[in-house]
Amino acid sequence: MRVKRLFVFLGGLLFGFGLAASGMTKPEIVLSFLQLKDLGLLLVIGGAALVTGLTINLIPKVMKEPITGGKFKRRERILNKRTIIGAIIFGIGWGVSGQCPGSAVASIGIGNVPILIGIVSMFIGAYVMGRFFS
Amino acid sequence: MFQFFPLGIFSYLIGGIIIGLGVSFVFLTTGLHASASSFFSTTISYFSRRPYFQQKEYLNSRDWRLTLAAGLVIGAFIYTIAFSSFFTTSVEWWRLAIGGFLVGFGTRLSKGCTSGHGISGLASLSTTSLYAVITFIIVGILTAILVQALGVLP
């Protein structure tokens, strides 16, 4: 549905704007957190999770359904070995390069051309996971 | 306080709140959880016939996930032309390549990344996501400190 995609796009604009404003689109700033030189990243995740947490937990009490229809649902994932092994592998990649999926995609918008190498590599990693380990 | 936040706390807090407003806006209007890493698998579904990539969940979400990614790029672009300047990372290409591969592989195996587990998952009070977040933050810190100790900068 067109209206739904427009809303996703507008939310994405805010998301990308916030990522750039927070500096997370720069791998250097993410690395400065992981090297424990600047703990700002915790404020970014914490601030975003807090605002989103209020929305996810309070809005369904005052609204029956999303504006474009459908259902309000929490994000549920089953905990298993893959959750933790995947998080370990992701953590290594994050620590090596200072990139994560959302910040890497948004980083294109700040003109960071070399990040395209990282994004292509993420696609290859996602493909290898789905092709050989699913 | 200052040694923990040498650049101050303002940009981090404001940025985090704006990210939260974006994710909240998508939830409020559509009920969807705007997270990033699934985008790789759902986009591959346009090209690969493999059953894993052709699963219903991916086919149903691939269009809006591509739209979300476009929003991320353009939102960051708007911030940059309005308030900042263009930036090129000095992290070497081989780190972006190796790190990127592990990020793509690991986030899809774990079914979530910094936004999926870290924002939407924690906001949904999911203990699965809490364990994932604690794991990737600890491993990320240990890895970054090791890489730095080996003399690779920044």
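Since every read-out is calculated from the coordinates, none of them should be taken as a lab result. From a predicted model like this one, the values you see are computed outputs, not experimental measurements. Positions of Cβ are backbone-derived with ideal geometry, glycine not excepted, and every protein chain shown enters the neighbour counts.
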Can you name every residue in the stretch A:101-116 that is under 10 Å from residue B:89 (Cβ atoms) and surrounded by 22 or more Cβ atoms within 10 Å (Cβ to Cβ)? A:107, A:110, A:112, A:115
Only one residue in B:35, B:24 is touching a residue at least 24 places away in the same chain (Cβ under 8 Å) and either of a type outside the set (Val, Ile, Thr) or surrounded by fewer than 23 Cβ atoms within 10 Å (Cβ to Cβ) (or both), so which one is that? B:35
Of all residues in the stretch A:76-122, which are free of Cβ contacts under 8 Å to residues at least 12 places away in the same chain and assigned to a loop (DSSP other than H, G, I, E, B)? A:76, A:77, A:78, A:79, A:80, A:111, A:113, A:114
Of the residues in the stretch B:23-34, those that are assigned to a loop (DSSP other than H, G, I, E, B) and under 17 Å from the mean Cα position of the chain (by Cα) come to B:32, B:33, B:34
Looking at B:107, B:67, which one is within 13 Å of the chain's Cα centre (by Cα), among the β-branched types (Val, Ile, Thr), in a helix (DSSP H, G or I) and more than 21 Å from residue A:23 (Cα to Cα)? B:107
Quick one: would you say residue A:5 is assigned to a helix (DSSP H, G or I), closer than 20 Å to residue A:105 by Cα and basic (Lys, Arg)? yes
Please go through the stretch A:1-56 and give me each residue that is over 19 Å from residue B:28 (Cα atoms) and β-branched (Val, Ile, Thr), ordered by number. A:25, A:29, A:30, A:44, A:45
Hey, among B:112, B:118, which residue is touching a Cys at 6+ places or on another chain (Cβ under 9 Å) and either over 27 Å from residue B:27 (Cα atoms) or not hydroxyl-bearing (Ser, Thr, Tyr) (or both)? B:118
When you scan the stretch B:49-63, do you find a residue that is more than 19 Å from the chain's Cα centre (by Cα), more than 7 Å from chain A (Cβ to nearest Cβ) and among the small types (Gly, Ala, Ser), even just one? no
Quick one: residue A:49 ticks every box in (1) assigned to a helix (DSSP H, G or I); (2) within 21 Å of residue B:94 (Cα to Cα) except a single one, so which number is it? (2)
Of all residues in the stretch B:97-154, which are in contact with a Pro (Cβ under 9 Å, 6 or more places away or on another chain) and surrounded by 22 or more Cβ atoms within 10 Å (Cβ to Cβ)? B:99, B:103, B:104, B:107, B:113, B:114, B:115, B:116
Breaking point among (1) crowded, with 23+ Cβ neighbours inside 10 Å; (2) over 18 Å from residue A:102 (Cα atoms); (3) in contact with an Asp or Glu (Cβ under 7 Å, 6 or more places away or on another chain), for residue B:89: (2)
How many residues of the stretch B:35-59 are of a type in the set (A, V, I, L, M, F, W, C), in contact with a Lys or Arg (Cβ under 9 Å, 6 or more places away or on another chain) and assigned to a loop (DSSP other than H, G, I, E, B)? The answer is 2
Before we move on, is residue A:90 more than 7 Å from every other protein chain (Cβ to nearest Cβ), touching a helix residue (DSSP H, G or I) at 6+ places or on another chain (Cβ under 8 Å) and not aliphatic (A, V, I, L, M)? no
Tell me which residues, restricted to the stretch A:1-42, are more than 7 Å from chain B (Cβ to nearest Cβ) and among the polar types (S, T, N, Q). A:32
Looking at the stretch B:128-154, which of its residues are more than 7 Å from every other protein chain (Cβ to nearest Cβ) and either in contact (Cβ under 8 Å) with a residue 40 or more places away in the chain or polar (S, T, N, Q) (or both)? B:152
Residue B:62 - would you say it is out of contact with any strand residue (DSSP E or B) (no Cβ under 8 Å at 6 or more places or on another chain), more than 17 Å from residue A:8 (Cβ to Cβ) and either without any contact (Cβ under 8 Å) to a residue 60 or more places away in the chain or part of a helix (DSSP H, G or I) (or both)? no
